[in-house]
Amino acid sequence: MCKTGSGFLTRTAEYMPTNTNSHSEMIASSGVRESGPGQRINVLKYEFVAPEGNFLAPPGDWLFTVEQDVLPGWWTDDPVVGEARAFAALERWWREKFVENAEGAWHCEGSLHIDGQPHEALSLLAQCGYIYAGNAESLSFPLLAQCGYISAANAKSLSFPLLAQCGYIYAGNALRNDLLATIARNAGGVK
């Protein structure tokens, strides 16, 4: 699954939309062809990994990784320039994706893919389009008030005390069913 911080490059352009983490969706919506005549590779798919899962860390601290085995010729000619272009796209993406409100809480545009335990900085998250945290043992978002969808299939505990609006929560293995009943009042459904 593509992670928060995904994007792709062509020889002349950078693509890193805030509304999806899926490389396939990005490429399809851009109209760019992944390959050209003679099996020429047109795109370089990449992901940035937030340090220790802290999405609010400065973009310069994120780790760049290439997400494909066969690389385009223009990339192998000068990977340093390509990586610099990707970091510039990350800077723009980060400013659009994570917006701080007047109270110091954060809003996340689009989806958020959390691997492992959420970083403590996410305790300041107040709004998010979609949270996927399939591998997190516990989720605690004390300021989260609005979210379109939360998927936390393996969570043993969940805490969203201020959650007032949520389209759907999937918490397959959550042990705190009393909490789920409370959340269910404000969600479109809980599974």
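The values are calculated or read from the model by the stated rules, or taken from the named source; none is laboratory data. All values reported here derive from a predicted model rather than from experimental measurement. All Cβ positions, even for glycine, are placed from backbone atoms using ideal geometry, and neighbour counts span all protein chains on display.
Out of the residues in the range 159-181 that are surrounded by 15 or more Cβ atoms within 10 Å (Cβ to Cβ) and modelled with pLDDT under 80, which is nearest to residue 3 (Cα to Cα)?
Residue satisfying both the conditions and the ranking: 171.
Residues 116, 110, 73, 104: which one is more than 30 Å from residue 40 (Cα to Cα), free of Cβ contacts under 8 Å to residues at least 60 places away in the same chain and either surrounded by 14 or more Cβ atoms within 10 Å (Cβ to Cβ) or not polar (S, T, N, Q) (or both)?
Sole residue among the options that is more than 30 Å from residue 40 (Cα to Cα), free of Cβ contacts under 8 Å to residues at least 60 places away in the same chain and either surrounded by 14 or more Cβ atoms within 10 Å (Cβ to Cβ) or not polar (S, T, N, Q) (or both): 104.
Scanning for something under 15 Å from the mean Cα position of the chain (by Cα) and modelled with pLDDT of 90 or more, does the range 25-44 turn up at least one residue?
So far as the range 25-44 goes, yes, one or more of its residues are under 15 Å from the mean Cα position of the chain (by Cα) and modelled with pLDDT of 90 or more.
If only one of 80, 70, 49 is farther than 23 Å from residue 160 by Cβ, of a type in the set (A, V, I, L, M, F, W, C), modelled with pLDDT under 95 and out of contact with any helix residue (DSSP H, G or I) (no Cβ under 9 Å at 6 or more places or on another chain), which one is it?
Residue meeting the stated conditions: 49.
Of the residues in the range 26-70, how many are crowded, with 17+ Cβ neighbours inside 10 Å, small (Gly, Ala, Ser) and not in a helix (DSSP H, G or I)?
Result for the range 26-70: 1.
Quickly run through the range 76-90 and pick out the residues that are surrounded by 13 or more Cβ atoms within 10 Å (Cβ to Cβ) and either in contact with a Gly (Cβ under 9 Å, 6 or more places away or on another chain) or assigned to a loop (DSSP other than H, G, I, E, B) (or both).
Within the range 76-90, 86, 87, 89, 90 qualify.
Counting only residues that are assigned to a loop (DSSP other than H, G, I, E, B), in contact with a strand residue (DSSP E or B) (Cβ under 7 Å, 6 or more places away or on another chain) and crowded, with 18+ Cβ neighbours inside 10 Å, which one in the range 4-19 is modelled with the highest pLDDT?
So the residue we want is 16.
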